[in-house]
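Working notes for the structure below.
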Amino acid sequence: MKVISVTPRGYCHGVVNAVEIAKKTASNPDTPRPIYILGQLVHNHYIVEELEKYGVISLENSSSRAELLADISKGTVIFTAHGVSPQVKEAAKAKGLNCVDTTCSDVEKTHLLIKELAAKDFDIIYIGKKGHPEPEGCIGEAPNHVFLIQDEKDLEFLVLPQTERLALTTQTTLSRWDTSALVEKVKQKYPNIKIHVDICLATQQRQDAAATQTGDAEVVFVVGDIHSSNTNRLAEVVRNQVHKTVYLIDSVNDIKPEMVSGKKTAAVTSGASTPTNVTREVIKYLEGYSD
């Protein structure tokens with residue numbers, strides 16, 4: 001089978017930085033133990049499992065970061081690449097915990113933007129995924145000024161305390177196509193709103209590549225964790241923008257015969273938190289496949 005290896009794909013700078021910091025922290029004998037991460041460092045279980053080998057404990061459930069922190073009484077706490085609210089940071093310091101921050105620099109920019117806008121008495125519409133840790137941390141910068149919407153229905157029922165000073169920003173890992181459509185709806189409802197679309201460059205580059213480099217492919221495989229926002233958005237881009245059959249798979253083990261039967265060309269890309277070796281195994285398998 002012919003395989004189109006989409007580039008860029010895989011780790012972004014934020015993931016590389018977060019993993020390096022976590023491993024360095026865990027490898028330092030002077031780091032206070034135990035070492036906890038509030039949630040998954042990044043949304044990929046292979047990385048979580050690798051960090052376990054370093055003695056790092058990932059506290060994973062549907063709780064907020066503040067609720068996860070409540071169960072920690074000593075040692076080190078690592079804040080994930082998705083960022084956390086100022087309230088969580090302050091609470092961790094108040095407990096006397098050793099705090100290590102791996103927040104992505106692109107997410108930090110959004111935190112700073114929200115803080116600056118709120119200080120100028122702006123109310124902020126934040127486009128993001130409900131239940132995702134990145135919006136949770138960003139909203140924590142100014143809880144009384146930030147209003148989360150995920151789709152047009154949320155916008156329809158949104159009631160703001162004032163409409164004179166409004167701004168908009170976004171989660172960094174969304175699809176720029178879907179986001180732009182919702183932004184236009186927001187502008188129709190609030191014509192004077194100041195727009196700050198903060199989808200990170202790495203996410204945009206991977207989405208653009210998925211949309212433009214898969215032309216000859218009869219099927220597209222997006223490799224990544226089902227819980228990864230940017231990985232899911234990649235699959236949506238292929239499905240909705242280039243209208244191709246797409247499968248989001250965790251590894252080569254998820255490829256079924258019916259997915260590739262009769263196909264001569266496949267394309268492969270991966271989420272920003274997917275280990276390179278996992279994607280390479282998929283490419284190698286497909287290159288050797290024949291009916």
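Which of the following residues is in the same structural domain as Asn144 (by TED's automatic domain parsing) and either surrounded by fewer than 16 Cβ atoms within 10 Å (Cβ to Cβ) or β-branched (Val, Ile, Thr) (or both): Thr25, Thr110, Thr31? Of the residues listed, the single one that is in the same structural domain as Asn144 (by TED's automatic domain parsing) and either surrounded by fewer than 16 Cβ atoms within 10 Å (Cβ to Cβ) or β-branched (Val, Ile, Thr) (or both) is Thr110.
Of the residues making up segment 66-78, those that are closer than 15 Å to Leu97 by Cα and in a helix (DSSP H, G or I) are Ala66, Leu68, Leu69. Considering only segment 69-96, state which residues are at pLDDT 95 or above, in contact with a strand residue (DSSP E or B) (Cβ under 8 Å, 6 or more places away or on another chain) and of a type outside the set (S, T, N, Q). Passing the criteria: Leu69, Ile72, Gly75, Val77, Ile78, Phe79, Val84, Val88, Lys89, Ala92, Lys93. Counting only residues that are in a helix (DSSP H, G or I), without any contact (Cβ under 8 Å) to a residue 60 or more places away in the chain, touching a strand residue (DSSP E or B) at 6+ places or on another chain (Cβ under 9 Å) and surrounded by 17 or more Cβ atoms within 10 Å (Cβ to Cβ), segment 207-244 holds 4 of them.
Mind checking which residues of segment 1-58 are part of a strand (DSSP E or B) and closer than 22 Å to Ala272 by Cβ? Matches in segment 1-58: Val3, Ile4, Ser5, Ile37, Leu38, Val56, Ser58. Residue by residue through segment 248-291, note down the ones that are crowded, with 20+ Cβ neighbours inside 10 Å and within 13 Å of Ala217 (Cα to Cα). Answer for segment 248-291, where residues must be crowded, with 20+ Cβ neighbours inside 10 Å and within 13 Å of Ala217 (Cα to Cα): Val260, Ala266, Ala267, Val268, Thr269, Leu286. So, in segment 106-144, how many residues would count as being free of Cβ contacts under 8 Å to residues at least 40 places away in the same chain, in contact with a helix residue (DSSP H, G or I) (Cβ under 7 Å, 6 or more places away or on another chain) and in a loop (DSSP other than H, G, I, E, B)? Number of matching residues: 1.
The values are calculated or read from the model by the stated rules, or taken from the named source; none is laboratory data. Quick caveat, the model's predicted, so the values are computed rather than measured. Ideal geometry is used to build each Cβ from the backbone, glycine not excepted, and the neighbour counts take in all protein chains shown.
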